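> Handing you a structure now.
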Amino acid sequence: MSKNLLEVRGLETVFGGEHGDVAAVRDVSLTVSRGEIVGLVGESGSGKSVTGLSIMGLIGHPGRVTKGEIMLHGEDLRRLPTTALRGLRGNRIAMIFQDPMMTLNPVLRIDTQMIEAITAHDAKVDRTTARARCRDALGIVGIPSPEERLKAYPHQFSGGMRQRVTIAIAMLNSPDLIIADEPTTALDVTIQSQILAEMQKLCRERGTALIWITHDLTVIAALTQRVYVMYAGSVVEEGLLDDVLDRPLHPYTYGLIRSIPSDNAPGKRLFQIPGMAPPIDRMPKGCRFHPRCPRVQEDCLREPSLDASGPNRAVRCHHPIAEDKALFEGERA
Amino acid sequence: MSAEALAGRVQPVAERAGPIISIDNVTRRFERRPDFAAKLAMRLGATFNRRVVHAVDGVSFEIGTREVVGLVGESGCGKSTLGRIVAGIDSPTSGRILYRGEDVAGAPSEAQREFRLRVQMIFQDPLDSLNPRYRMGRAVSEAPRHHRIVPLSELEGHVDRILLKCGVDPSTKDRFPHQFSGGQRQRIGIARALAVNPELVVCDEAVASLDVSIQAQIINLFMDLREAFDLGYLFVSHDIGIVRHISDRLVVMYLGRVVELGPTQELFAKPNHPYTQALLKEVPTLKRRGASFCTIQGEIPSPLQPPSGCHFNPRCPFATKRCRSEVPELRQIAPGRFSACHLNDDTR
């Protein structure tokens, strides 16, 4: 058995439409080990959320996973029967969504929902014990007076507190892996940083692995250790956080980093990637980034593969940016 | 009045001095009115809890010609309400909005009309603010036609010119809003605002719903248009990185009040108010790797029951007895810099 907790190989997820199947995710491979925080970054339509849902086995009609392996503890989740997968979800793997109301039932009290999450996976736990575990979980994610808050309904919480509740629910059964899909995007910076701090602590103390899906590179910088950059359904670059942010290889990653306002050039024009991401049913031939790429050449019409250029480092580009080119050298805070 | 006469009356912006807009002690309260049952209960001697929200509470500042003012704060701090008041969509409960030194509320209708044209607004979601049944060309040309911004014969050219400046292909004027991408729709929203030659554009979270690469394009567009049309902006946003990039001056709001105001770069270099200090520390940037956050404790309190004294005192690490009882005034602490904190008195 490998040291990786989760290993996804060659994942492909397609959605059926009027004009046949279109692939939302193509040839995505990723690994996560125990206690590791991995970032999955991309813009809307890049396939990052579909990747997360595919791992969870939550792709519904008209979508389906058509290729690849999703190995958790060396066991392929795609081959598991539905009941076994259901036993894993919310127990060994959990997911946190951008909108907490996707997780919470608006007409049930928090304690009802939390206790159910425990007893659904372990019928032997009695209510008092389950309740105590729920109260502790709420305390850990920083909800004041958890005992009273257990009796509240979701609408009695603020947005930030609701998101904490869903994190507490995800943590309840001490899962091995949590997939978080933009959980702080709708929150204020102060609340966001509180939640990021909680997540960091939880992963450090419990050894929970975390896949953080976001479009926000600054959150990735603050939270993660390793990054996968997705564009138009595929991983275009992967590497350790510092390598990707300081020495990006793919022109798309480079553009994305440069287009974020930074503190050193206020009022200057931002770097901009021309055009926009292609729609899923009209993907360009060859490299999918080539119509927007400043480094495009003739051979970019041939599809590039994700080539490793070192341990923990790979890029999907015929003409990657030279490794020695540092972006923020000497500027690090 | 003929179109030519109106066009002649409108002076080039650069020749006018002074602030475009002065916000003078503006307060906006939202109140729950007693419904029928409550009125009945009151007749019978019950007390009714009025539940007044001070969304904006005694705010004053100015926006100069071609100036970009950033307005930041957490959700519920009243920044959007203030933006809407500046744009003339909402009116203050008390206080005045001065356009070029004249009170807008008491002005003759002609002056009010000019104010409404000269201050335009761009919204977060352009799909919500564009009529889905209007073709794009009509959405952009309707206001300049109605207000005779240009003679009717030149309208087409005027609209095309604005669209081109905003990066929209004029040949797509026959399309409906849903046929454009998010970034294109925001460009159309901007073009529509610019079609009546405004001096000030209020942008309420105008780039918040866009992807990073598109966001950069729109921010660049904002900066180009500022040069091209001598525009000022009131940039309302929760994204401090973007506000820092684009603003000349920054206004920080907390629970309806301005807590700090000053030139953006100075304010970032040396924030004065404990709230600003904490807020700026929370902003994630590309350079802060694996940061362990030193978070502001707790959440923004409910505006229905704001804390007494300084609104920030329950979350402030330096709060004293005085902060809990006395409201701090917004006072000048350095040329052009203002802060509302009692701590500034102690150091003197």
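> Report, by residue number, each residue of the range B:115-136 that is farther than 20 Å from B:ILE214 by Cα, of a type outside the set (A, V, I, L, M, F, W, C) and within 19 Å of the chain's Cα centre (by Cα).
Those that are farther than 20 Å from B:ILE214 by Cα, of a type outside the set (A, V, I, L, M, F, W, C) and within 19 Å of the chain's Cα centre (by Cα): B:ARG116, B:ARG118, B:GLN120.
> So for the range B:212-234 (the condition being within 30 Å of A:LEU240 (Cα to Cα), assigned to a helix (DSSP H, G or I) and in contact with a strand residue (DSSP E or B) (Cβ under 9 Å, 6 or more places away or on another chain)), does at least one residue qualify?
no
> Also, I was wondering about something else. How about the range B:173-191: which of its residues are free of Cβ contacts under 8 Å to residues at least 40 places away in the same chain, in contact with a Leu (Cβ under 9 Å, 6 or more places away or on another chain), within 14 Å of chain A (Cβ to nearest Cβ) and open to solvent by 20 Å² or more (accessible area, probe 1.4 Å)? Working first, answer last.
Initially, the range B:173-191 is screened for residues free of Cβ contacts under 8 Å to residues at least 40 places away in the same chain, giving B:173-174, B:179, B:181, B:183-184, B:187.
Retained after the next criterion (residues that are in contact with a Leu (Cβ under 9 Å, 6 or more places away or on another chain)): B:173, B:183, B:187.
Add one more test, that the residue is within 14 Å of chain A (Cβ to nearest Cβ), and what stays is B:183, B:187.
B:ARG187, the sole residue that qualifies.
> The conditions are (1) farther than 26 Å from A:SER44 by Cα; (2) open to solvent by 10 Å² or more (accessible area, probe 1.4 Å), and A:ILE143 fails exactly one of them. Which is it?
A:ILE143 satisfies every listed condition except (2).
Per-residue answers, yes or no, for (1) part of a helix (DSSP H, G or I); (2) of a type in the set (Ser, Thr, Tyr); (3) touching a Leu at 6+ places or on another chain (Cβ under 7 Å):
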{"residue": "A:ARG133", "(1), (2), (3)": "yes, no, yes"}
{"residue": "A:ILE167", "(1), (2), (3)": "yes, no, no"}
{"residue": "A:PRO175", "(1), (2), (3)": "no, no, no"}
{"residue": "A:LEU187", "(1), (2), (3)": "no, no, no"}
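> Does A:PRO261 count as touching a helix residue (DSSP H, G or I) at 6+ places or on another chain (Cβ under 8 Å) and at the interface with chain B (Cβ under 10 Å from one of its Cβ atoms)? Steps first, please.
On the way: touching a helix residue (DSSP H, G or I) at 6+ places or on another chain (Cβ under 8 Å): yes; at the interface with chain B (Cβ under 10 Å from one of its Cβ atoms): yes.
Considered against the rule, which asks whether it is touching a helix residue (DSSP H, G or I) at 6+ places or on another chain (Cβ under 8 Å) and at the interface with chain B (Cβ under 10 Å from one of its Cβ atoms), A:PRO261 comes out as yes.
> For the range A:240-253, enumerate the residues that are open to solvent by 40 Å² or more (accessible area, probe 1.4 Å) and either in a helix (DSSP H, G or I) or within 11 Å of another protein chain (Cβ to nearest Cβ) (or both).
Just the residues of the range A:240-253 that are open to solvent by 40 Å² or more (accessible area, probe 1.4 Å), to begin with: A:240, A:242-243, A:247.
Within the range A:240-253, A:LEU240, A:ASP242, A:ASP243 meet the criteria.
> I would also like to ask the following. Looking only at the range A:286-313, how many residues end up being touching a His at 6+ places or on another chain (Cβ under 6 Å) and basic (Lys, Arg)?
1
> Are any of the residues in the range B:192-202 within 12 Å of another protein chain (Cβ to nearest Cβ) and buried (at least 23 other Cβ atoms within 10 Å of the Cβ)?
Within the range B:192-202 (the criterion being within 12 Å of another protein chain (Cβ to nearest Cβ) and buried (at least 23 other Cβ atoms within 10 Å of the Cβ)), the answer is no, since none of the residues qualifies.
> Tell me, yes or no, whether the range A:230-239 has at least one residue that is within 29 Å of B:VAL283 (Cβ to Cβ), open to solvent by less than 20 Å² (accessible area, probe 1.4 Å), in a loop (DSSP other than H, G, I, E, B) and more than 10 Å from every other protein chain (Cβ to nearest Cβ). Outline the logic, then answer.
Step one: of the range A:230-239, the residues within 29 Å of B:VAL283 (Cβ to Cβ) are A:230-231, A:235-239.
Subsequent filtering for residues that are open to solvent by less than 20 Å² (accessible area, probe 1.4 Å) retains A:230-231, A:235-237, A:239.
Now narrow it down to the ones that are in a loop (DSSP other than H, G, I, E, B): none.
Within the range A:230-239, not a single residue is within 29 Å of B:VAL283 (Cβ to Cβ), open to solvent by less than 20 Å² (accessible area, probe 1.4 Å), in a loop (DSSP other than H, G, I, E, B) and more than 10 Å from every other protein chain (Cβ to nearest Cβ).
> Could you list, in sequence order, the residues of the range B:216-274 that are on the phi > 0 side of the Ramachandran plot and touching a helix residue (DSSP H, G or I) at 6+ places or on another chain (Cβ under 9 Å)?
Of everything in the range B:216-274, those that are on the phi > 0 side of the Ramachandran plot and touching a helix residue (DSSP H, G or I) at 6+ places or on another chain (Cβ under 9 Å) turn out to be B:ASP230, B:GLY256.
> Counting only residues that are open to solvent by less than 10 Å² (accessible area, probe 1.4 Å) and within 18 Å of the chain's Cα centre (by Cα), which one in the range B:203-219 is nearest to the other protein chains (Cβ to nearest Cβ)?
B:ILE219
> Okay, moving on. Of everything in the range B:221-271 that's small (Gly, Ala, Ser) and within 12 Å of chain A (Cβ to nearest Cβ), which residue is nearest to B:GLY73 (Cα to Cα)? First the steps, then the outcome.
To start, the set of residues in the range B:221-271 that are small (Gly, Ala, Ser) comprises B:228, B:232, B:237, B:241, B:247, B:256, B:262, B:269.
Applying the additional criterion that residues be within 12 Å of chain A (Cβ to nearest Cβ) yields B:237, B:241, B:247, B:269.
On the way: B:SER237: 8, B:GLY241: 13, B:SER247: 15, B:ALA269: 18 Å.
Residue satisfying both the conditions and the ranking: B:SER237.
> Can you go through B:ARG249, B:ARG337 and tell me which one is within 23 Å of the chain's Cα centre (by Cα) and more than 16 Å from B:LEU71 (Cβ to Cβ)? Write out each step before concluding.
Details: B:ARG249 fails: more than 16 Å from B:LEU71 (Cβ to Cβ).
So the residue among B:ARG249, B:ARG337 that is within 23 Å of the chain's Cα centre (by Cα) and more than 16 Å from B:LEU71 (Cβ to Cβ) is B:ARG337.
> In this structure, is B:ILE85 hydrophobic (A, V, I, L, M, F, W, C), closer than 26 Å to B:LEU231 by Cα and either open to solvent by less than 50 Å² (accessible area, probe 1.4 Å) or at pLDDT below 90 (or both)?
Values: hydrophobic (A, V, I, L, M, F, W, C): yes; closer than 26 Å to B:LEU231 by Cα: yes; either open to solvent by less than 50 Å² (accessible area, probe 1.4 Å) or at pLDDT below 90 (or both): yes.
So B:ILE85 passes the test.
> Let me ask another. For A:ASP111, only one of the following conditions fails: (1) open to solvent by less than 20 Å² (accessible area, probe 1.4 Å); (2) in contact with an Asp or Glu (Cβ under 9 Å, 6 or more places away or on another chain); (3) acidic (Asp, Glu). What is its number?
Here A:ASP111 clears every test but (2).
> Pick from A:LEU172, A:LEU187, A:LEU210: which is closer than 25 Å to A:GLY47 by Cα, open to solvent by 10 Å² or more (accessible area, probe 1.4 Å), of a type in the set (A, V, I, L, M, F, W, C) and in the same structural domain as A:GLU43 (by TED's automatic domain parsing)?
Working: A:LEU172 fails: closer than 25 Å to A:GLY47 by Cα; A:LEU210 fails: open to solvent by 10 Å² or more (accessible area, probe 1.4 Å).
Step by step, each of A:LEU172, A:LEU187, A:LEU210 is checked, and only A:LEU187 is closer than 25 Å to A:GLY47 by Cα, open to solvent by 10 Å² or more (accessible area, probe 1.4 Å), of a type in the set (A, V, I, L, M, F, W, C) and in the same structural domain as A:GLU43 (by TED's automatic domain parsing).
> A:THR119 is checked against (1) polar (S, T, N, Q); (2) within 13 Å of chain B (Cβ to nearest Cβ); (3) open to solvent by 20 Å² or more (accessible area, probe 1.4 Å) and fails just one. What number does that condition carry?
Exception for A:THR119: condition (2).
> Looking only at the range A:38-84, which residues are in a strand (DSSP E or B), open to solvent by 10 Å² or more (accessible area, probe 1.4 Å), over 20 Å from A:GLY16 (Cα atoms) and touching a residue at least 24 places away in the same chain (Cβ under 8 Å)?
Scanning the range A:38-84 gives A:GLU69, A:MET71.
> Which of the residues spanning the range B:279-297 are closer than 25 Å to B:ASP345 by Cβ and free of Cβ contacts under 8 Å to residues at least 24 places away in the same chain?
The first filter runs over the range B:279-297 and keeps only residues closer than 25 Å to B:ASP345 by Cβ, leaving B:279-281, B:296-297.
Selection gives B:LYS281, B:ILE296, B:GLN297.
> Oh, and also: Given (1) at pLDDT 90 or above; (2) within 14 Å of chain B (Cβ to nearest Cβ), where does A:GLY45 come up short, assuming only one miss?
The failed condition is (1).
> A follow-up question, please. Say whether the condition of being open to solvent by less than 60 Å² (accessible area, probe 1.4 Å), away from every other protein chain (no Cβ under 14 Å) and assigned to a helix (DSSP H, G or I) is met by at least one residue in the range A:301-313.
Checked the range A:301-313: no residue is open to solvent by less than 60 Å² (accessible area, probe 1.4 Å), away from every other protein chain (no Cβ under 14 Å) and assigned to a helix (DSSP H, G or I).
> Kindly indicate whether B:ARG96 is basic (Lys, Arg) and either in a strand (DSSP E or B) or buried (at least 22 other Cβ atoms within 10 Å of the Cβ) (or both). Explain how you work it out, then say what you get.
Values: basic (Lys, Arg): yes; either in a strand (DSSP E or B) or buried (at least 22 other Cβ atoms within 10 Å of the Cβ) (or both): yes.
Taking the combined requirement at face value, the residue satisfies it.
> In the range B:238-348, which helices (runs of 4 or more DSSP H) lie fully inside it and hold 2 or more residues that are open to solvent by less than 10 Å² (accessible area, probe 1.4 Å)? Explain how you work it out, then say what you get.
Details: elements: B:240-246, B:264-269, B:274-282, B:321-325, B:343-347.
Because the criterion is at least 2 residues that are open to solvent by less than 10 Å² (accessible area, probe 1.4 Å), the helices (runs of 4 or more DSSP H) in the range B:238-348 that meet it are B:240-246, B:264-269, B:274-282.
> Is there a residue being at pLDDT 90 or above and either assigned to a strand (DSSP E or B) or touching a helix residue (DSSP H, G or I) at 6+ places or on another chain (Cβ under 7 Å) (or both) anywhere in the range A:199-208?
Yes - at least one qualifying residue is present in the range A:199-208.
> A:HIS155 fails exactly one of the following numbered conditions: (1) open to solvent by 70 Å² or more (accessible area, probe 1.4 Å); (2) within 27 Å of the chain's Cα centre (by Cα); (3) within 23 Å of A:ARG89 (Cβ to Cβ). What is the number of that condition?
Status for A:HIS155: all satisfied but (3).
The values are calculated or read from the model by the stated rules, or taken from the named source; none is laboratory data. Only a predicted model underlies this, so the values are computations on that prediction, with no experimental measurement involved. In this analysis, Cβ positions are derived from the backbone assuming ideal geometry, glycine residues included, and neighbour counts consider all displayed protein chains. SASA here: full protein model, heavy atoms, side chains in, ligands and nucleic acids out. Shrake-Rupley method; radii C 1.70, N 1.55, O 1.52, S 1.80 Å.
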